[in-house]
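Peer 1: Quick one: the structure is below, questions incoming.
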Amino acid sequence: MRRHLLAIVATLIGLVLTADRPVPVEAASKAVIQEVTFETVGMSFKGPESVPAGLTLIQIVNKGTDFHHVQLIRLTDGKTAEDFAATVKTAPFNPMGPAAAPAWVHFIGGPNGAMPGESATAVMNLEPGNYVLICFIPDSKGVAHAAQGMMKALKVTGAANAGVSEPKATINITAMDFKLVPDKAIAAGTQTIRFNNAGTQPHEVLVVQLPPDKTIKDFAAAFEPGHAGPPPGKPIAGMTGIEKGGHGFFTAKFEPGHYGLICFFMDGTKQAPHFALGMMQDFTVK
Ligand SMILES: [Cu+2]
């Protein structure tokens, strides 16, 4: 009888305690990653001027006729998008070219590999601050789209939403100086990939679906200045440059067949692209 009463009292206390506030665990599991979309139109990005801080899914919808990506760059030392634009004009740098980036330029990642008419997504944690979105992909003459005006200022505001948890990865791909290392064989289906930079330089990963008779090396060769015709293979997903210690997530849908991984960033000291130093590999999806 006494035990019975205690149980009733405990239940009543429980009801009073939970009556007017949500259960924290439940609230956390319901919090979702915010989503923001940028469209490419010609050599420009269309989208919001600012986003709240925290885990963010960035989508690029490519409405143009060229291949594009979003490279998010965080500007520190009080630098603004205007400072960045001025630097690109006076002292052009390109992670895929020989000149080094200034120390206040930080590579944060972004969706990689959006072919014309297609889209790509990536999830990164955005700290508050000044950012620019930029496309470093070169045209047929080797001039980066960024140098043709393909950049957009973005402000990340407020404090991060602590209740949001990171996506659950099915595959890890770790970048090192100079290799791309998946933690397991990539199987057919939709995979959520966590891209980690365990190297010292910024690295990217581009996932390319290849024809049976072509390799990722053939794909890379098609981006050399003066090369005629489209690259063999189709970029399907990836993550643009992330600096040392950083990580982010992207999803890719794999069909059985032949694929490649590649990083186009440049080693300024060796004056060689990372893929030529070992950051490209072919693989088969079963
Ligand atoms: Cu690299």
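Peer 1: Report the FRET efficiency, 1/(1 + (r/R0)^6), for S119 and D139, where r is their Cβ-Cβ distance and R0 is 25 Å, rounded to 0.05. If you can, show how the numbers build up before the last one.
Peer 2: On the way: r = 21 Å, r/R0 = 0.84.
Rounded to the nearest 0.05, the efficiency is 0.75.
Peer 1: Starting from the Cα of K244, draw a straight line to each of the lysines and keep only those under 16 Å, dropping any in the same chain fewer than 8 residues away.
Peer 2: Of all the lysines, those that pass the test against K244 - Cα under 16 Å, at least 8 places apart if same chain - are K179.
Peer 1: Starting from the Cα of K63, draw a straight line to each of the lysines and keep only those under 20 Å, dropping any in the same chain fewer than 8 residues away.
Peer 2: K46, K152, K234
Peer 1: With the chain treated as a Gaussian network of Cα nodes joined by springs under 10 Å, which of A147, A120, A162 yields the largest mean-square fluctuation?
Peer 2: Greatest mean-square fluctuation among the candidates belongs to A162.
Peer 1: Once phi is turned into ³J(HN,Hα) by the Karplus curve 6.51 cos²θ - 1.76 cosθ + 1.60 with θ = phi - 60°, what whole-Hz value does each residue of the stretch 209-226 show in order, with x for glycine and proline?
Peer 2: Residue by residue, the stretch 209-226 yields 8, 10, x, x, 9, 10, 10, 5, 5, 5, 5, 4, 4, 6, 9, 6, x, x Hz.
Peer 1: Between H227 and T269, how high is the FRET efficiency from 1/(1 + (r/R0)^6) when r is the Cβ-Cβ distance and R₀ = 25 Å? Nearest 0.05. Please list the in-between numbers first.
Peer 2: Values: r = 26 Å, r/R0 = 1.03.
With a Förster radius of 25 Å, E is 0.45.
Peer 1: Rounded, prolate or oblate: pick one for the stretch 171-285, where a ≥ b ≥ c are the square roots of the eigenvalues of its C-alpha gyration tensor, a/c under 1.5 means rounded, and failing that, prolate if a/b is larger than b/c, else oblate. Before the final figure, lay out the partial values.
Peer 2: On the way: a/c = 1.94, a/b = 1.02, b/c = 1.90.
In terms of gyration-tensor shape, oblate.
Peer 1: If you line up the long axis of helix 81-90 against the longest principal axis of the chain, both from Cα atoms, how many degrees apart are they, to the nearest 10?
Peer 2: With both axes taken from Cα atoms, the answer is about 20 degrees.
Peer 1: Now, a different point. Rounded, prolate or oblate: which fits the stretch 225-266 when a ≥ b ≥ c are the square roots of the eigenvalues of the alpha-carbon gyration tensor, with rounded for a/c under 1.5 and prolate only if a/b beats b/c?
Peer 2: Values: a/c = 2.98, a/b = 1.22, b/c = 2.43.
In terms of gyration-tensor shape, oblate.
Peer 1: Mind listing the phi-derived Karplus ³J(HN,Hα) values for the stretch 200-205, rounded to whole Hz, using 6.51, -1.76 and 1.60 with θ = phi - 60°, and x for any glycine or proline?
Peer 2: 9, 9, x, 9, 10, 9
Peer 1: Could you give the angle, 0 to 90 degrees to the nearest 10, between helix 2-19's Cα long axis and the longest principal axis of the Cα atoms of the chain?
Peer 2: Tilt relative to the chain: about 40 degrees.
Peer 1: Now, a different point. State the extension gain, in nm to one decimal, for the chain segment bounded by F283 and D77, taking 0.36 nm per residue of separation less the distance between their alpha-carbons. Write down the numbers at each step before the final one.
Peer 2: Numbers: separation 206, 0.36 × 206 = 74.16 nm, distance 4.14 nm.
This chain segment gains 70.0 nm when fully extended.
Peer 1: I'm checking a number: the convex hull volume of the Cα atoms of the chain, normalised per residue, in Å³. What is it? Walk me through the numbers before you get to the answer.
Peer 2: Values: hull volume 47.4 nm³, N = 286.
For the chain, the hull spanned by Cα atoms encloses 166 Å³ per residue.
Peer 1: Shifting gears a bit: If I take R0 = 30 Å and measure r between the Cβ atoms of T170 and K217 in this structure, what FRET efficiency does the formula 1/(1 + (r/R0)^6) give, to the nearest 0.05?
Peer 2: Numbers: r = 27 Å, r/R0 = 0.91.
So the FRET efficiency works out to roughly 0.65.
Peer 1: Ratio to report: Rg/Rh of the stretch 31-157, with Cα atoms as the point set and Rh obtained by the Kirkwood method; give two decimals. Before the final figure, lay out each step's value.
Peer 2: Working: Rg = 13.8 Å, Rh = 14.6 Å.
A ratio of 0.94.
Each reported figure results from applying straightforward, stated rules to the coordinates on display, with no laboratory input. What you see is a predicted model, and the numbers here were worked out from it, not measured in a lab. Using ideal geometry, Cβ is built from the backbone for each residue, glycine included, and neighbour counts are taken over all protein chains shown.
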